[in-house]
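Student: Structure below; questions to follow.
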Amino acid sequence: MKISRESLEELEFPQLLEEIVPYACSKKTIETIQNLRPLPEATAVEALKKTSEYLKSYQSENYIPFHPFEDIDPELKRLEIENFRLEADSFMRIKNITKQIGELQKFFRAFCEIFPILSQGIKSLTYKKEIIQKIEAVFNRFGEVKNDASPDLKILRENLQKNKKELLENFERSLGFCLQQDLLDEIRESVIEDQRVLAVKSVFKKRVGGRVLGISNTGSITFIQPESVITSHNELRELQEKEKNEVDKILRKLTAEISVFTPFLASYQGYIEDLDVTRAKAKFAEKINGVFPKINARQTLKLYSAFHPLLFLRNKEEKKEIFPQALSLSSQERILCISGPNAGGKSVTLKTVGLLQIMLQSGILVPVHPKSEMFFYGRIMTDIGDNQSIENHLSTYSSRLKKMSRMIEETDENTLLLIDEFGTGSDPELGGALAESFLEFFYEKKCFSIITTHYTNIKLRIEQLLHAENAAMLFDKNTLEPLYKLEVGQAGSSFTFEVAEKNNIPEEIISAAKKKVERREVVDLDRTIVKLQQEKYEVEKLKYTLTESKGSVESKRENLKRLGERLENKLYNFQRLYDAEQKKLQWGSKVALLIDQYAEGRHRRDVLGEFIKLLEQEKYKKREQINNPDKQKELRLVKKKIDRQLRKENIREKFNEIQDKKLAAQKKERQSWLKVGARVRIKGSASVGTIDRISKNKVVINYGAFKTTISENELERV
């Protein structure tokens, strides 16, 4: 996409990038973000997919193992220098970035289906574990060279330890001797040139053998290095120098070994930087509710619930309400003309569309509804705000004409024009006429445009153009407060006289102004627009209220229907249960009769015969039901007929009525004895307690050792 630096600034893109910067880990990533510009479509779409995938990791439990890192660009340059030696912290940076690549490869291998695009990027990298192994063979986890980094270093450090021990013992002996002889000052010892020295009283300095390293300001103390440690100290210095040379030799060797992996390290650095940029954009998207909208191949833009990201963040911080916008552009509706009063949100809507488009084409997720659709423009040109230039001696109108000239030269079918206050800056009549000519030119060029205007002639011309449409920022005529809602399909009034009234302009001045309008039809048209706008707003409110009411009624109707179905099912189940119980009672009666006959002396064989006869009869009935589908069908028809009859007789209402009466009687009876101090028990329980407190339908029962709270419906009096 082609877009000028001036247009980027007018749409506040640099300010937006500064909001992403705090999420970056390294200076180089910060520079990359600050220099982000619209990308070729394929590159931008891939960046959007990567950011969207990274954002999903925050919304699930699959956190990407990304850690803050330090750039290794300086190390990569130095590795190319022959016989160069890297410092310890450089090796630590190389180790950390290599280790992170290993962790990321392992992670994306396991979750390649969830993160296909991010996984693809790391597949091309060759993970060299040898880099870590070589560094860890020399350094410990604190970044210090290990004793066993080489055999010579190990010996040197062992000798150093012995020497330090000997030095300490010799100094302590000298210190003890001087203390016994009371040769030392109160401070006893000090450190000069990294060496421990005795603080000898100057009057006794000749009695202490050694090397004088200093005298106090007053001259009362002479600092002496004891003779017994001079030799050990010289040996220590020599060993330390040898150790330093050996460490230098080890690090030079390690640097040479690591330099072989320079191409791999460069690829690691590139990948981590790119992932850092993606991570920063994902963090920002999480903050502004950014999404990856549908990308259209055809020229169709549909924005739903679109927010200006900077305004969204500012209002969120200040706890103010922000109003989303919805609009569309297509090859059939290429030009959108927004009108309405000042401070109603026209310019913000214009900037919102432009900024969201640049964000999308720069690979940044946009704060819109997920069902929104966007496509890629080849060029965006803007004319927003006052472009007066003192340096170039350009007036506002001249600077705008200069921009318009560039638009006329460069615009084509794949250009988006964003023009605020179209045609202003000159005589209204002449400026309006020129603006109308510009509009017709852009219309013929078939470019996409969103413009804002107060000119009536522009609004009227838009109505005459087939592929252009008017839109208005709604305004409440009664309160004269902006509603910050874009209404597509109608022109808006500027509410010139109404706003003047609200700002306490005297009535006689407003009346005089109205009389001075030469073309009465302009005022009439403005009044008509105001009336239509207000009526449409009221209709929209009524429509919304009716929709809400309809939804509520439908919901209640559905709930009642479900309740009826549940009651019918319960009634049917009760009937089945009743039939089953009746059958069991009949069987019980027959068996009881046989038992009585047997008890009265009837022969056992006769009783068993009767019982077996009963069993055979029931067996025959069961088999007949199974083998006779027609009979089953007949039974089902009978059941349906009974159900219809039950519904006709309003069984459900009668059942509910009986239940209500029963519950009311129970409640009345319960209120007669349900009082504080009454002795009660829980239904089905043997434990008796005393009512301690009654609150609404809850009762606190005191059992002496403990208290419990229970519903009054579950209690019975003792």
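Student: Would you check which residues across the stretch 129-183 are in contact with a strand residue (DSSP E or B) (Cβ under 9 Å, 6 or more places away or on another chain), among the aromatic types (F, W, Y) and outside any helix (DSSP H, G or I) and list them?
Tutor: F139
Student: Can I ask one more? Only one of V203, V247, V229, V191 is among the β-branched types (V, I, T) and outside any helix (DSSP H, G or I); which?
Tutor: Of the residues listed, the single one that is among the β-branched types (V, I, T) and outside any helix (DSSP H, G or I) is V191.
Student: Please work out which residue is farthest from R5 (Cα to Cα), limiting yourself to the stretch 34-51 and to residues that are outside any loop (DSSP other than H, G, I, E, B) and free of Cβ contacts under 8 Å to residues at least 40 places away in the same chain.
Tutor: The extreme case among them is A42.
Student: Before we move on, is S305 in a helix (DSSP H, G or I), touching a residue at least 24 places away in the same chain (Cβ under 8 Å) and open to solvent by 10 Å² or more (accessible area, probe 1.4 Å)?
Tutor: No, not satisfied.
Student: So, one more: Note down all Cβ pairs under 8 Å where the first residue falls in the stretch 79-97 and is in contact (Cβ under 8 Å) with a residue 60 or more places away in the chain and charged (D, E, K, R), the second is open to solvent by 30 Å² or more (accessible area, probe 1.4 Å) and assigned to a helix (DSSP H, G or I), and they're at least six residues apart or on different chains.
Tutor: E80/S259; R85/D248; R85/R252
Residues checked against (1) open to solvent by 70 Å² or more (accessible area, probe 1.4 Å); (2) under 36 Å from the mean Cα position of the chain (by Cα); (3) not β-branched (V, I, T):
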position: E80; (1), (2), (3): yes, no, yes
position: I101; (1), (2), (3): no, yes, no
position: P116; (1), (2), (3): no, yes, yes
position: K123; (1), (2), (3): yes, yes, yes
position: L160; (1), (2), (3): no, no, yes
position: Q180; (1), (2), (3): yes, no, yes
position: V191; (1), (2), (3): yes, no, no
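Student: Among the residues of the stretch 347-366, is there at least one that is closer than 30 Å to T456 by Cα, modelled with pLDDT of 90 or more and of a type in the set (K, R)?
Tutor: Yes: the stretch 347-366 contains one or more residues that are closer than 30 Å to T456 by Cα, modelled with pLDDT of 90 or more and of a type in the set (K, R).
Student: OK, next. Looking at (1) within 30 Å of T382 (Cα to Cα); (2) not in a loop (DSSP other than H, G, I, E, B), can you tell me which one Y54 breaks?
Tutor: (1)
Student: Shifting gears a bit: Can you tell me how many residues within the stretch 430-452 are under 23 Å from N414 (Cα atoms) and either modelled with pLDDT under 85 or not small (G, A, S) (or both)?
Tutor: The number of residues fulfilling the criteria is 16.
Student: What is the residue count in the stretch 82-104 for residues that are touching a Lys or Arg at 6+ places or on another chain (Cβ under 8 Å) and in a helix (DSSP H, G or I)?
Tutor: The number of residues fulfilling the criteria is 3.
Student: A follow-up question, please. Does T278 fit the bill of being closer than 30 Å to A137 by Cα and open to solvent by less than 50 Å² (accessible area, probe 1.4 Å)?
Tutor: no
Student: Still on this structure, I have one more. Determine whether F284 is in a helix (DSSP H, G or I) and either under 26 Å from I117 (Cα atoms) or open to solvent by less than 20 Å² (accessible area, probe 1.4 Å) (or both).
Tutor: yes
Student: Condition first: of a type outside the set (A, V, I, L, M) and buried (at least 20 other Cβ atoms within 10 Å of the Cβ). Now tell me which residues in the stretch 247-272 satisfy that.
Tutor: Within the stretch 247-272, T255, Y268, Q269 meet the criteria.
Student: Considering every residue within the stretch 69-77, establish whether at least one is out of contact with any Ser or Thr (no Cβ under 8 Å at 6 or more places or on another chain) and without any contact (Cβ under 8 Å) to a residue 24 or more places away in the chain.
Tutor: Among the residues of the stretch 69-77, at least one is out of contact with any Ser or Thr (no Cβ under 8 Å at 6 or more places or on another chain) and without any contact (Cβ under 8 Å) to a residue 24 or more places away in the chain, which makes the answer yes.
Student: Another question about this same structure. Within the stretch 23-33, how many residues are without any contact (Cβ under 8 Å) to a residue 24 or more places away in the chain and closer than 14 Å to F284 by Cα?
Tutor: 1
Student: Please work out which one of (1) free of Cβ contacts under 8 Å to residues at least 12 places away in the same chain; (2) small (G, A, S); (3) more than 29 Å from D73 (Cβ to Cβ) is the condition G270 fails and give its number.
Tutor: Result: G270 fails condition (3) only.
Student: Against the condition under 22 Å from the mean Cα position of the chain (by Cα), assigned to a helix (DSSP H, G or I) and at pLDDT below 90, how does Y63 come out, does it pass?
Tutor: no
Student: Another question, then. Just checking, does the stretch 501-522 include any residue being open to solvent by less than 50 Å² (accessible area, probe 1.4 Å) and at pLDDT 80 or above?
Tutor: No, the conditions are met nowhere in the stretch 501-522.
Student: Just to be sure I understand, how many residues within the stretch 11-67 are of a type in the set (D, E, K, R) and under 18 Å from G354 (Cα atoms)?
Tutor: Qualifying residue count, the stretch 11-67: 5.
Student: If K28 passes every condition in (1) in a helix (DSSP H, G or I); (2) open to solvent by 30 Å² or more (accessible area, probe 1.4 Å); (3) within 15 Å of L360 (Cα to Cα) but one, which one does it miss?
Tutor: Here K28 clears every test but (3).
Student: Would you please name the residue that is surrounded by the fewest Cβ atoms within 10 Å (Cβ to Cβ), looking only at residues in the stretch 326-373 that are among the hydroxyl-bearing types (S, T, Y) and assigned to a loop (DSSP other than H, G, I, E, B)?
Tutor: Step by step, filter the stretch 326-373, then rank; the result is S331.
Student: Those residues that are touching a residue at least 12 places away in the same chain (Cβ under 8 Å), open to solvent by less than 90 Å² (accessible area, probe 1.4 Å) and among the charged types (D, E, K, R), I need them from the stretch 133-150; list them, please.
Tutor: Answer for the stretch 133-150, where residues must be touching a residue at least 12 places away in the same chain (Cβ under 8 Å), open to solvent by less than 90 Å² (accessible area, probe 1.4 Å) and among the charged types (D, E, K, R): K134, E136.
Student: Considering only residues that are in contact with a helix residue (DSSP H, G or I) (Cβ under 8 Å, 6 or more places away or on another chain) and within 14 Å of K707 (Cβ to Cβ), look in the stretch 681-695 and name the one that is modelled with the lowest pLDDT.
Tutor: I682
Student: Checking the structure you have, find out if any residue of the stretch 645-664 is modelled with pLDDT of 60 or more, over 28 Å from G588 (Cβ atoms) and in contact with a Ser or Thr (Cβ under 7 Å, 6 or more places away or on another chain).
Tutor: Checked against the condition, which is being modelled with pLDDT of 60 or more, over 28 Å from G588 (Cβ atoms) and in contact with a Ser or Thr (Cβ under 7 Å, 6 or more places away or on another chain), the stretch 645-664 yields no hits at all.
Student: Within the stretch 167-207, count every residue that is under 30 Å from L239 (Cα atoms) and either free of Cβ contacts under 8 Å to residues at least 24 places away in the same chain or of a type outside the set (S, T, Y) (or both).
Tutor: 23
The values are calculated or read from the model by the stated rules, or taken from the named source; none is laboratory data. All figures in this text were calculated on a predicted structure; none of them were measured in a lab. When we count neighbours, we look across all protein chains shown, and the Cβ atoms used for this are built from the backbone with ideal geometry, even at glycine. Protein only, heavy atoms only, side chains kept; ligands, DNA and RNA dropped before computing areas. Shrake-Rupley method; radii C 1.70, N 1.55, O 1.52, S 1.80 Å.
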